[in-house]
Amino acid sequence: MLLRKNTLHGEAVVKTKDGGTQTVAVQRGEVTAIDGDSMTVKSTDGFTMTWTFGDDLRVVERRATVQPSEVKVGATLGVAGAKDGDKGVARLILVPRAK
């Protein structure tokens with residue numbers, strides 16, 4: 001699954017290196033809440049998910065890696081990572097260029 005412009009949210013089950021499985025999730029939307037180690041994102045169709053910041057999180061803005069603290073409430077972004085119950089563990093956050 002890709003974080004393309006028209007992707008709102010979704011999940012897929014993938015095979016892991018050790019032969020097991022893992023559910024991964026993607027979402028594009030607006031950050032509605034943020035604290036030191038998590039954020040809540042709301043997609044345009046109303047779907048909301050809370051994402052914790054994983055240990056190996058990478059945040060990319062305008063093709064440059066930035067710190068997670070650069071993500072602010074109101075930002076529109078894409079996020080991807082492992083699914084953990086009803087929450088996500090973010091591994092990648094993409095902040096698109098402003099139009």
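Values in this text are rule-based calculations from the coordinates and carry no lab data. All values reported here derive from a predicted model rather than from experimental measurement. Cβ placement follows ideal geometry from the backbone for every residue including glycine, while neighbour counts extend to all protein chains displayed.
Within region 37-51, is there a residue that is touching a His at 6+ places or on another chain (Cβ under 9 Å), surrounded by 18 or more Cβ atoms within 10 Å (Cβ to Cβ) and charged (D, E, K, R)?
no
Considering only residues that are of a type outside the set (A, V, I, L, M, F, W, C), in contact with a strand residue (DSSP E or B) (Cβ under 6 Å, 6 or more places away or on another chain) and either assigned to a loop (DSSP other than H, G, I, E, B) or more than 13 Å from residue 93 (Cα to Cα) (or both), which ones fall in region 35-49? Before the answer, list the steps.
Residues of region 35-49 that are of a type outside the set (A, V, I, L, M, F, W, C), as a first pass: 35-38, 40, 42-46, 48.
Filter once more, keeping what is in contact with a strand residue (DSSP E or B) (Cβ under 6 Å, 6 or more places away or on another chain): 37-38, 40, 42-43, 48.
Result: 37, 42, 43, 48.
Residue check: is residue 59 β-branched (Val, Ile, Thr) and part of a strand (DSSP E or B)?
Working: β-branched (Val, Ile, Thr): yes; part of a strand (DSSP E or B): yes.
Taking the combined requirement at face value, the residue satisfies it.
Inspect region 78-92 for any residue being of a type in the set (Asp, Glu), closer than 17 Å to residue 38 by Cβ and either outside any strand (DSSP E or B) or within 9 Å of the chain's Cα centre (by Cα) (or both) and give the result as yes or no.
Checked region 78-92: at least one residue is of a type in the set (Asp, Glu), closer than 17 Å to residue 38 by Cβ and either outside any strand (DSSP E or B) or within 9 Å of the chain's Cα centre (by Cα) (or both).
So residue 14 passes all but one of these: (1) loosely packed, with under 13 Cβ neighbours inside 10 Å; (2) among the hydrophobic types (A, V, I, L, M, F, W, C); (3) part of a strand (DSSP E or B); (4) touching a residue at least 12 places away in the same chain (Cβ under 8 Å). Which condition number does it fail?
Every condition holds for residue 14 apart from (4).
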